[in-house]
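Here is the structure we will look at, set down as structure tokens.
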Amino acid sequence: VQLQAYGGGLVQPGGSLRLSCVASGSIFPISRLGWYRQAPGEQRELVATIATFGSSTNYADSVKGRFTISINNAKTAVYLQMNSLKPEDTAVYYCTAIYYGGRSDWGTGTLVTVSS
């Protein structure tokens, strides 16, 4: 599938942003949709994922209680609601589609900057 992410921007500490990612193509081989992020000079890390069927979720410890991942009924879009943002959340956020069998497709990144 092709993935296009939207919604990044500049926000003050304590603020909120909602990221969206639209998937085009067949989603049936996809087991999970999710978000990773990469801060400058750091490795890409998991933020959250959600199952395409059953909607089970998992989150990085650093975002639990602040971020919420969700998926639309058609399973063609995944969202990340980010609340209580911190400067350390600053990163390029990438959406990903994880296939049964482990292969992943990656979308374009969207930059989130948390700064006063």
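The values are calculated or read from the model by the stated rules, or taken from the named source; none is laboratory data. The shown structure was predicted, so the numbers you read here are calculated from the model rather than taken from an experiment. Cβ atoms come from the backbone with ideal geometry, glycine included; neighbour counts cover every protein chain shown. Only protein heavy atoms, including side chains, enter the accessible area calculation; ligands, DNA and RNA are left aside. Shrake-Rupley method; radii C 1.70, N 1.55, O 1.52, S 1.80 Å.
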Problem set entry | Candidate set: region 1-31, residues that are among the aliphatic types (A, V, I, L, M) and not in a strand (DSSP E or B); chosen: the one nearest to Ile71 (Cα to Cα) | Ile27
Seminar exercise, completed: Restricting region 84-116 to residues that are crowded, with 17+ Cβ neighbours inside 10 Å and among the hydroxyl-bearing types (Ser, Thr, Tyr), the one nearest to Gly34 (Cα to Cα) turns out to be Thr96
Problem set entry | Condition broken by Ile50, with the remaining ones in (1) open to solvent by 50 Å² or more (accessible area, probe 1.4 Å); (2) of a type in the set (A, V, I, L, M, F, W, C); (3) under 17 Å from Leu3 (Cα atoms) satisfied | (1)
Exercise. For Pro29, all conditions in the list (1) under 11 Å from the mean Cα position of the chain (by Cα); (2) touching a residue at least 40 places away in the same chain (Cβ under 8 Å) hold save one; what is the number of the exception?
Worked result: (1)
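For Gly41, state whether it is more than 16 Å from Gly9 (Cα to Cα) and surrounded by 14 or more Cβ atoms within 10 Å (Cβ to Cβ). Even if it seems obvious, please write down each step before you answer.
Working: more than 16 Å from Gly9 (Cα to Cα): yes; surrounded by 14 or more Cβ atoms within 10 Å (Cβ to Cβ): no.
So Gly41 fails the test.
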Exercise. Can you pull out the strands (runs of 3 or more DSSP E) entirely within region 32-84 that have at least 1 residues that are without any contact (Cβ under 8 Å) to a residue 24 or more places away in the chain?
Worked result: 45-51, 57-59, 67-71
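Yes/no per residue for (1) modelled with pLDDT of 95 or more; (2) more than 14 Å from Ala5 (Cβ to Cβ):
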residue	(1), (2)
Ala60	yes, yes
Gly65	yes, yes
Ser84	yes, yes
Glu88	yes, yes
Ala91	yes, no
Gly101	no, yes
Exercise. Does Ala48 meet the test of being touching a Phe, Trp or Tyr at 6+ places or on another chain (Cβ under 7 Å) and at pLDDT 95 or above?
Worked result: yes
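Within region 61-83, track down each residue that is of a type in the set (Val, Ile, Thr), under 22 Å from Val11 (Cα atoms) and open to solvent by less than 40 Å² (accessible area, probe 1.4 Å).
Hits for region 61-83 are Val63, Ile69, Val78.
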